[in-house]
1. At 1.4 Å probe size, with the rest of the protein present, what percent of the exposed accessible area of region 6-148 is carbon and sulfur atoms?
2. Just to be sure I understand the model, the point goes 7 Å from the Cα along the line to the Cβ. What's the resulting Asp37 to Cys72 distance in nm?
3. Between the DSSP loop rule and a limit of at most 11 other Cβ atoms within 10 Å, which GluC sites (Glu not before Pro) in region 1-55 are left?
4. Starting from region 42-148, pick out the chymotrypsin sites (Phe, Trp or Tyr not before Pro) whose DSSP state is loop and whose Cβ has at most 11 other Cβ atoms within 10 Å.
5. Where in region 1-37 does the amide nitrogen come within less than 18 Å of the point 7 Å from the Cα of Ile104, taken along Cα to Cβ?
6. Measure up Lys53/Lys123; Lys2/Lys29; Lys53/Lys78; Lys63/Lys102 against 20 Å on the Cα-Cα distance and list the ones that go over.
7. Return the single residue from Ile104, Ile92, Ile14 with maximal mean-square fluctuation; model: Gaussian network over the chain, springs between Cα atoms under 10 Å.
8. Let me check I've understood the local charge: for Lys102, count other residues with C-beta under 12 angstrom from its C-beta, Lys and Arg +1, Asp and Glu -1. What total comes out?
Amino acid sequence: MKGYVCKMCGYISIDGAAPDKCPVCGAPKSAFQEKEDAIKLPNDPKNLTDLEKKHIPVIKVVKVCGLIPDGCQDVHVKLGEIQHPMQEDHYIMHIDFYLDKKFISRVILTPFALNPACALHLKAKSGKLTAIPLCNLHGAWINEIDLS
Ligand SMILES: [Fe+2]
């Protein structure tokens, strides 16, 4: 899948253009490179390989938040259907989140003490939520859900 990739931090713009400024690291538009294969997609979505199952994020919405009682829904994300390794030489570096293709958050992961998972506390009630994780060996992957 096509995207505009920030050479400084790996952020991928998915709205069809490079931003004036990277929303993650502040790099200028000139730091972005258009790539046809910026994000990997499964060859056959109905018949995922083990590699694809380890890298495509699983997204779960939890309607009742344990921290913020009103106006919050939690989004739980893990890699993946088969758990991805978190070892020094092979791990998930970060997970970027978008709402309606606009960047909303990056969760940075390290392999030393963390599992390949995170949670967001969303005040948004609707829209399309996209999660794009980056594996240090296998690149960027994607999954999306409609919030409602
Ligand atoms: Fe990987």
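The values are calculated or read from the model by the stated rules, or taken from the named source; none is laboratory data. Fair warning: this is a prediction, and the values are worked out from it, not measured in the lab. Glycine gets a Cβ as well: all are built from the backbone with ideal geometry, and neighbour counts include every protein chain shown. Ligands, DNA and RNA are stripped out before the accessible areas are found, and what is left, the full protein with its side chains, is counted by its heavy atoms. Shrake-Rupley method; radii C 1.70, N 1.55, O 1.52, S 1.80 Å.
1. Working: 4230 of 8140 Å².
Carbon and sulfur together cover 52 percent of it.
2. 4.2 nm
3. Glu36
4. Qualifying residues, ordered by number: Phe112.
5. Label zone hits: 12-15, 23-24.
6. Numbers: Lys53/Lys123 29 Å; Lys2/Lys29 17 Å; Lys53/Lys78 11 Å; Lys63/Lys102 22 Å.
From the list (Lys53/Lys123; Lys2/Lys29; Lys53/Lys78; Lys63/Lys102), the Cα-Cα distance tops 20 Å for Lys53/Lys123; Lys63/Lys102.
7. Ile104
8. Working: positive: Lys101, Lys128; negative: Asp15, Asp96, Asp100.
In short, -1.
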